Amino acid sequence: MPSSLTLAHVLDRPDVWRGDTLARTPLPGVPTGFAELDRELPGGGWPRGGLTEILPLRRGIGELSLLLPALARLSSDELAWLVCVASPHPLHAPALHESGIDLSRLLVASAPGRDTAWVCERSLATDGVGAVVAWLPEVQSSTLRRLQLAAESSRTLLFVFRPAACASQSSPAPLRLALEGEGEKLIVRLLKRRGGALSASLPISIQRPLCRHHALACPVPVTPAARSLSQPAVA
């Protein structure tokens, strides 16, 4: 190491941070839509070019609602594509539309089994994709590592939903959140972030679209506005 390279220079790098402070990020984060959560995330929002792992206690507690403000911003303001991969239930298009998501920028892929990770990687490598949201309940750590590396090579947000039981497993994701439902609130615990630990939980009020419908709905036909990844839009 050159003698002119001081500790201050090393600590000024965006990929180096003190254990008791939040890391700086090379790109500003995408605001989550929840100020209390943005304050606790490096970059002030969801990290571009990184894997965010979300571990809900159970399905249907409003976990997708946590992402809707950022997804709406990407599709409507940045005109970016949104790719949803292997959703356990059909997405409820009216609820997504009410949340501000431009459905003409939404691509949906069923991608069962091993194809799920492949579709995620292809989407991350595609220009114009702003976010990839995937459900990977049984994914291996090596696959997560591959997805993290693919995300780092892009400016894309990558969200992966996994069961809460995975919280005890190691993960290459730089950001991991555990979620519990409490009425009209989500209780968010930051299991891992680049920076000091956060022991306290964050109660976040979420708006449930259409009141009686979740964005992740019970089985109903997906409207034509939600287009398939197999169409030429992302080819």
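The values are calculated or read from the model by the stated rules, or taken from the named source; none is laboratory data. Small disclaimer: the values here were computed from a predicted structure and weren't measured. A quick note on method: Cβ atoms are made from the backbone with ideal geometry, for glycine too, and the neighbour counts reach across all protein chains shown. Areas reflect the complete protein model, heavy atoms only, side chains present, ligands, DNA and RNA absent. Shrake-Rupley method; radii C 1.70, N 1.55, O 1.52, S 1.80 Å.
Brief remarks on what is shown
- Qualifying positions in the range 161-210 - open to solvent by 60 Å² or more (accessible area, probe 1.4 Å), in contact with a Pro (Cβ under 6 Å, 6 or more places away or on another chain) and closer than 21 Å to Gly43 by Cα: Arg194
- Looking only at residues in the range 83-97 that are crowded, with 21+ Cβ neighbours inside 10 Å and over 18 Å from the mean Cα position of the chain (by Cα), the one that is nearest to Asp127 (Cα to Cα) is Ala93.
- Within the range 28-41, not a single residue is within 15 Å of Arg105 (Cβ to Cβ), surrounded by fewer than 22 Cβ atoms within 10 Å (Cβ to Cβ) and touching a residue at least 24 places away in the same chain (Cβ under 8 Å).
- For Gly44, the conditions (1) modelled with pLDDT of 95 or more; (2) open to solvent by 20 Å² or more (accessible area, probe 1.4 Å); (3) within 29 Å of Glu182 (Cβ to Cβ) are fulfilled apart from (1).
- The single condition among (1) closer than 23 Å to Ser65 by Cα; (2) open to solvent by 10 Å² or more (accessible area, probe 1.4 Å) that Thr126 does not meet is (1).
- Filtered residues of the range 70-82 (kept if open to solvent by less than 50 Å² (accessible area, probe 1.4 Å) and out of contact with any helix residue (DSSP H, G or I) (no Cβ under 9 Å at 6 or more places or on another chain)): Ala70
- The single condition among (1) modelled with pLDDT under 95; (2) of a type in the set (A, V, I, L, M, F, W, C); (3) within 24 Å of Leu107 (Cβ to Cβ) that Trp135 does not meet is (1).
- Tallying residues that are over 23 Å from Pro28 (Cα atoms) and assigned to a strand (DSSP E or B) within the range 116-160 yields 1.
- From Leu158, Leu103, residue being within 23 Å of Leu37 (Cβ to Cβ), of a type outside the set (Phe, Trp, Tyr) and either touching a strand residue (DSSP E or B) at 6+ places or on another chain (Cβ under 8 Å) or modelled with pLDDT of 95 or more (or both): Leu158
- The range 150-160, subset buried (at least 22 other Cβ atoms within 10 Å of the Cβ) and over 11 Å from Val139 (Cβ atoms), residue nearest to the chain's Cα centre (by Cα): Phe159
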